[in-house]
Each structure stands twice: as structure tokens, then as C-alpha cells.
1. For B:Asp55 and B:Asn133, what is the calculated FRET efficiency with R₀ set at 41 Å and r taken between the beta-carbons, to the nearest 0.05?
2. Once the other residues with Cβ under 10 Å from the Cβ of A:Val87 are scored (Lys, Arg +1; Asp, Glu -1), what is the net sum?
3. Between chains B and A, what is the buried accessible area summed over both chains (1.4 Å probe, protein heavy atoms, nearest 100 Å²)?
4. Based on the mean of other Cβ atoms within 10 Å per residue, sort peptides B:46-57, A:59-70, A:83-94 so the most packed one is first.
5. Can you list the distances in nanometres, one decimal and ascending, from the A:Asp55 label point to the identical position in each other copy, with the point 7 Å along Cα to Cβ?
6. Largest first, what is the accessible-area ranking of B:Arg260, B:Arg112, B:Arg249 with a 1.4 Å probe?
7. Provide a whole-number value for the mean count of partner chain Cβ atoms within 10 Å of the Cβ atoms in peptide B:162-170.
8. Using a label point 7 angstrom from Cα along Cα-to-C-beta, what distances in nm, from shortest up, separate B:Arg93 from the other copies?
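The values are calculated or read from the model by the stated rules, or taken from the named source; none is laboratory data. Nothing here was measured: the structure is a model prediction, and the numbers come from that model. Here the Cβ positions follow ideal geometry from the backbone for every residue, glycine too, while neighbour counts run over all protein chains shown. For the accessible areas, the whole protein counts, side chains as well, though only heavy atoms, and no ligand, DNA or RNA atoms are used. Shrake-Rupley method; radii C 1.70, N 1.55, O 1.52, S 1.80 Å.
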Protein chains: 2
Amino acid sequence: MAGTDHTKIPSEGGPAIVLVEPQLGENIGASARAMANFGLDDLRLVSPRDGWPNDYAYKAASGADWVIDNAKVFDTTEAAVADLHYVYAATARPRDMVKPVISPEQAGADMRARAAENLNVGILFGRERAGLNNDQIALADTIVIAPVNPAFASLNLGQAVLLLGYEWFKPGARTLGDGTRQDGPCDEPGLKMPGTRPATKQELVGFYEHLESELDQSGFLKPVEKRPAMVRSIRNMFQRTQPTEQDVRTLRGIVSSLVRVHQRNKPKT
Amino acid sequence: MAGTDHTKIPSEGGPAIVLVEPQLGENIGASARAMANFGLDDLRLVSPRDGWPNDYAYKAASGADWVIDNAKVFDTTEAAVADLHYVYAATARPRDMVKPVISPEQAGADMRARAAENLNVGILFGRERAGLNNDQIALADTIVIAPVNPAFASLNLGQAVLLLGYEWFKPGARTLGDGTRQDGPCDEPGLKMPGTRPATKQELVGFYEHLESELDQSGFLKPVEKRPAMVRSIRNMFQRTQPTEQDVRTLRGIVSSLVRVHQRNKPKT
């Protein structure tokens, strides 16, 4: 969150840009440059292939050095999104997952609305060729797909970041400096959560791990070769509740309580 | 206007992309790639510095070869726009010229409206560093400026073409070939549910009752005067998942499995 004052201002509440396993420094740099174009400065890298820092990234950033300087490196996608309340996954095509799919424009409006409520938002971008895998997408609340020519759909990493940054920054519905908001094209996407706040991804992953460990013990996640798909499907399902922090506590309470059912009911021996 | 049939279709009526005195083949290639992403194929080059054809342009086009193959070269900007009815000038900042200034989004809508009237439209992009000069801008009807962070406003050529192509192609208001319109940006994005169907309320209530009966046994829903509010809050939470029929079966499986955890783990007595 450093940088000179004048570069910092427009980024207020802007999405974290999470590059998952990026391969080329050039692409990281192009992403940083695109972020700077639209006032973003929270760059997060999950296991960059060629290590970090990376000279090629600085070169390709064309002067957006403060974004590169501030980049944070994480070992896992889970860790990279831990403090975020709402996560978007940028993908080239829909996946076989039950998750809302929106356009960059809708994502822009959605992010502005959430940022206005002081929620931390972020966007996951996958590896250059392969994109995000299903486990990574399962961490996201919503999938974002840019409308492109189906016959030539490949957007490179920097271009994908550019489009999302552009839609975030677009003045059409952006929060103005004086705290007022212009009318947005798609206002009111989200869930109203009176008196509570959305769970952070860390809280949510904590619940997943709790549930999965109990389900491992109970034998539900067998056979072992099906476990990853089952875990993904369960995580996706709970993800869709957009759980509040209170919901996560309730869910953990439910799991703890259920595993005690038979313990309690057992006659004392 | 050549190219394979499937790449040609979306470009119907799309703007000509006119690069005025482009310097680097890489930037011409990146522009061609961005054009292909958004179904454009009418690339026009005014006095490219390094001559034409240019190997670097092919490389950077990443497969959008038909756009490069079809590029037309002109000696003057006047000649390049001769057959166009309406011309936009992409610039980084307003000039001292009395000319309408619009955003890429407005330009997208404007171009679609004109194309629907069978008018030929095109966009001028200037040299990498200097941009368009005043004489070139004077050929345009309207100036287009992308909203960017004023502290870091430099968009490169390929990125500028990308944003304009994106706004042209955006389905929000695009008329499809058959005269129908795709859904607008604010139309219910909705959940994709591949290979399954939403749960009926009956299935959902069946799950609720199953869960609640186990939670009654485990003592979670106590004290009794709080039970109605707790049940409501739990039901609301699962309701928000918009569960599929398969999700409901998974949830019931999870509950059944969890209540067996300690039963299974208990040493035989």
C-alpha cells in the first residue's frame, strides 16, 4: 500500500490482483502496468515459476515499479486470498461448476458496490496456458468471463488484468472522491448482511478443513481417488452461501455437534 | 475482409483499426491479436516505420495471422480513412480542439449504432510515443479517451486497441447477425447448473428436517426458546446456496456420515 500519494489515491478499495503460478516475468510486469493504469496496487503472486523478484517483470512494468515493489508472494492460493471477503475467478470459459458467471462489466459494478461497503475483494488469474484449476476456482465466489470472439478467445494475462482493471476503474459507477456514488449500471448485486460481515476466506477454509477432517474420519470422502472432486464439490456448495462470519461459526458448531450425537446418546458404560 | 468463415462472422460492420505510423512490429502484432479477440479484421497501416510485412508482427499476433495477412498499407492517413463514414481518434488526453470527447464505452455503442445503419467506421491510433498529431486528429469526427489513472496514463498501442475492440464487441448492446440481441449487462447473470437441476423445495425441506432432527438429538438447538430463530437462520443459510438436487443428496450424506464418526471410531466394547 505504499507508492507516491498521487498514485495511491484512485486505488482505494480496489481489488487485489492474484496471479496464480504465473510463468513469465513479462506477464507479471504487464499486469502491474495495467494495474497502475487503473489505480490498483495490491498485486499478489502465488508461487511464481521463476522466483521473485524478477527483472523481466520490472522491465515490462514500464515504470509501474511501485506495484512490483509491493507485490506479495504466497505459497498457496488459500493464503493469498485469506483476508479477502469476496473473490472472483477470471476464466476463459465456464466450468462444470455451479457458480455464478458474470462479465467484466458486471464484475466492475459488483466490486465497486462491495468496496463501498469496506469489503476486501480480489480477482484470481490462472497460469498463462492452463488457467485456473478447479481447486483454485472453488475458492472463488463468482466466475468472470470476458465476451470474446469464440474463434479466437485467448486473452493473455496482462490483457485480462487490463480489462478487469478497466471495468473497475470506469467512472460510470465508481465511487467519487467526495464519497458519493454515481449511478451504476448494475447496482445492488450483493446480499445485504445487517449486523454482520462476510466471512474471510481464511475463516471459510478453516471450516472446510474442519468438515473435511471429520468426513475423513467418518469415511465419507472415500474412495481416495474421488476425494479431490468430492472436496471441491462440497467447498463450491458452501462457497455459494456467501457465508457471514456468524454463519461459519454456526456451521462449525453444527459439525462439532453432529459428531457428538452418538457419543452423547450412548448409554454410559 | 478475408479469413476463415468462423473468424469472419463476428466482425460484420466492425471498425477499421488504423495504426498511424506505428513503430514496432510487436505493437502491430499485439493490435492484430486484440482485434481477433473481438472479431475485427480490417487492419490498416499508415507508413509503418519498419516497412511491411514485418516478422515481429506475425510473432506478436499469436496466431491472428489472417488479420496481419489482410492488413492494408497506406501512404497517408487521408487515404487510409477514405472509404469510412465516421472516424474516431484514440488519444491519451483532450487536445485544444473543439471536438466531442467520449469514452471507449460510448464509442462502442456509437459504433454499433452506426454499423447498424451500414456506415463504415474506423478508429485512428497514433504513434507509440507521440500519439496522433493535430492534423491526423482533425480527420476524426470524435475523440475517444479511456478513463485511466491520471498519474499513470500510458496505455500501449495493443492495449488501446484491446479496450476499443472490447467495447465494440461487448454483448451488452451488440446486435447479433440474426437481428436478435444478446442479454444486456444487467440481465440476471444466474447460476449455471451443468448436468443437474435445482432442488425442489420438498427436497430441501427434507434435508432441513433431517439436519434439525440430528441437531435436536445432539443438543445444538438449545435452549428451546431460541430454537425457532436458530432453525430459521440455518435454513436461510442453506437456501442461499441455491442447491441442486445433487447438492441436497450430498448434504444429507454429510449429515449421516458425521453422526457416525464417533460410532465408527469407538473401540469395540
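1. Calculated value: 0.90.
2. 0
3. Using a 1.4 Å probe, the pair buries roughly 6300 Å².
4. Numbers: B:46-57: 16.9, A:59-70: 18.9, A:83-94: 20.5.
Listed from highest to lowest mean packing, they are A:83-94, A:59-70, B:46-57.
5. 2.5
6. Working: B:Arg260 85, B:Arg112 35, B:Arg249 135 Å².
Largest accessible area first, the list is B:Arg249, B:Arg260, B:Arg112.
7. Other-chain Cβ atoms within 10 Å of each residue's Cβ, averaged: 4.
8. 4.5
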